[in-house]
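Worksheet for the structure shown next.
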Amino acid sequence: MKGRIALVIGSLLFSLLLLELGCRLMRGPSWLVQWPNLVLQERIATTAQGVGRLVPDRQLGFVARPGFSANGLHYDAHGWRVAPNPAGIALAEPPILVVGDSLAHGDEVDDADAWPARLQLMLRRRVINTAMSGYGFDQIVLSAEKAAAEVKPAAIILSFTADDTRRNEMKRVWGAEKPYFELANGALVLRNSPVPANPAPADTLDFWQRAFGWSVLLDTLLRHQGWQYEWATDHDRVLPRGAGEKLSCALLARLKGLGVPMLVVAEYNRYVFENEEHAALTRRTTAAVLKCAADLGLATLDLFDLDKDAVSRRGLDAIFRSSHPGPEGARLTADAIAAALAKAHIL
């Protein structure tokens, strides 16, 4: 009996080894002699993407480096993305403050093509874009409070995606430490603040990632199932799934306390229009947050139907780049936001 069990186990291990070697051959002969930890490699690469552009911040976790400039991306002395005014148009004051994540920041487009820059020229009013790639809803609200105290805006445009609510549940995203909130007896309590230094990528691996992170077979299977992102990305969850949505509603109520007119905008990335299951989950989340905003008396705008119609008429590549809206997608967003501001008589 023991011999049979040993034979079965041996056969299974031998089969897994053959499959591992086969997957490595499919990626190239060099993979037969190089066996790095793929999870660690990905986390090191993710951390390297922010080098130069981002700096740690004890209040927000990370912010743009003031004065940074590269490949169509420029930050001013505050670390806010530049909104060009090439014609030297006289811009009205006080400004509009834009807060959000990578979609409002304008990832994958140049300064002039980001929708806040387009909105500035349309309205002839200065627009300050403090949005930052990777921010959670909590960081968005904290950044809004910080910037609003300085610039005294005429209005705030808060742009968010469904994933921003999920980031509320994390104390670390993409290897970067961040603040987060908990609800205690209905009150928001700030945690992980001041924000500590980021850990080294090698220190973030759990037992299973250390033990099996080298496996190309496992990496291939997880990618095929759509699970590789959760396996490899360094997110440190501290709150249960779903808590971020409720927190977003409480954070909107907190931000309303500033007394500044506000438009809450739900934006969508390319993947929403490539995967129906993901689209359904995303829309449920954005609808819940927009309802909270509306219940608070805030103006809202959902861009899903606009984006869907544009994609159906012109195709994904005309509206989106690899993940974020391209120049045409940003133009549509700016047009819709300008109309929503006018409809709500915010300015």
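The values are calculated or read from the model by the stated rules, or taken from the named source; none is laboratory data. Quantities reported herein were computed from a predicted structural model and do not represent experimental measurements. Ideal geometry is used to build each Cβ from the backbone, glycine not excepted, and the neighbour counts take in all protein chains shown. Quick note on the areas: whole protein, heavy atoms, side chains included, nothing else; ligands and nucleic acids left out. Shrake-Rupley method; radii C 1.70, N 1.55, O 1.52, S 1.80 Å.
The figures follow:
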{"quantity": "Distance in nm between pseudo-label sites at Ala197 and Trp35 (7 Å out along the Cβ direction from Cα)", "calculated": "3.4 nm"}
{"quantity": "Cα gyration tensor category, rounded, prolate or oblate, for the range 223-282 with a/c compared to 1.5", "calculated": "oblate"}
{"quantity": "Residue among Gly257, Ser133, Ala338 farthest towards the positive dipole end of the chain, charges placed on Cβ", "calculated": "Gly257"}
{"quantity": "Rg followed by Dmax, in Å, when the range 1-145 is reduced to its Cα trace", "calculated": "24.8, 87"}
{"quantity": "Cα-based shape type of the range 227-347, given that a ≥ b ≥ c are square roots of the gyration tensor eigenvalues and the cut on a/c is 1.5", "calculated": "oblate"}
{"quantity": "Unsatisfied cross-links (Cα-Cα over 20 Å) in the set Lys171/Lys246; Lys152/Lys178; Lys146/Lys256", "calculated": "Lys152/Lys178"}
{"quantity": "Percent accessible area from carbon and sulfur atoms, the range 73-177, protein chains only, probe 1.4 Å", "calculated": "55 percent"}
{"quantity": "Magnitude of the charge dipole, the chain, Cβ model with Lys/Arg +1 and Asp/Glu -1, debye to 20", "calculated": "380 debye"}
{"quantity": "Accessible area (Å², 1.4 Å probe, nearest 10) - Phe207", "calculated": "140 Å²"}
{"quantity": "Cα-Cα P(r), the range 53-208, percent of pairs per 10 Å interval", "calculated": "11, 37, 34, 14, 4, 0"}
{"quantity": "The range 144-269, Cα convex hull volume normalised per residue, Å³", "calculated": "141 Å³"}
{"quantity": "DSSP-defined antiparallel bridges as percent of all bridges, the chain, nearest 5", "calculated": "50 percent"}
{"quantity": "Sum of side-chain charges, Phe304 neighbourhood, beta-carbon under 10 Å (Lys, Arg +1; Asp, Glu -1)", "calculated": "-3"}
{"quantity": "Kirkwood Rh in Å, taken over the range 93-172 so that all alpha-carbon pairs contribute", "calculated": "12.7 Å"}
{"quantity": "Cβ charges +1 (Lys, Arg) and -1 (Asp, Glu), total dipole of the range 249-288, debye", "calculated": "280 debye"}
{"quantity": "Projected area, mean over directions - the range 1-74, Cα convex hull, nm²", "calculated": "9.8 nm²"}
{"quantity": "Using alpha carbons only: equivalent-ellipsoid semi-axes of the range 126-202, gyration tensor based, whole Å", "calculated": "23, 16, 13"}
{"quantity": "For Met122, solvent-accessible area (1.4 Å; no DNA, RNA or ligand), Å²", "calculated": "90 Å²"}
{"quantity": "Stretch gain in nm, segment Leu12-Asn85, where the contour uses 0.36 nm per residue and the Cα spacing is subtracted", "calculated": "19.8 nm"}
{"quantity": "The chain - mean residue ellipticity at 222 nm from DSSP helices (-39,500 (n - 2.57) per run, n ≥ 4, rounded to 500)", "calculated": "-14000 deg cm²/dmol"}
{"quantity": "Taking the convex hull of Cα positions in the chain, its mean projected area over all directions (nm²)", "calculated": "21.7 nm²"}
{"quantity": "Listed residues Asp110, Asp307, Asp317, most fluctuating in the chain (Gaussian network, C-alpha, under 10 Å)", "calculated": "Asp317"}
{"quantity": "Lys, Arg +1 and Asp, Glu -1 on Cβ, resulting dipole of the range 107-253 about Cα centre, debye, nearest 20", "calculated": "460 debye"}
{"quantity": "Per residue solvent-accessible surface (Å²) - the range 217-347, probe of 1.4 Å", "calculated": "51 Å²"}
{"quantity": "Mean Kyte hydropathy of -0.5 or more with a Cα span along the axis of at least 30 Å, helices from DSSP in the chain", "calculated": "2-27"}
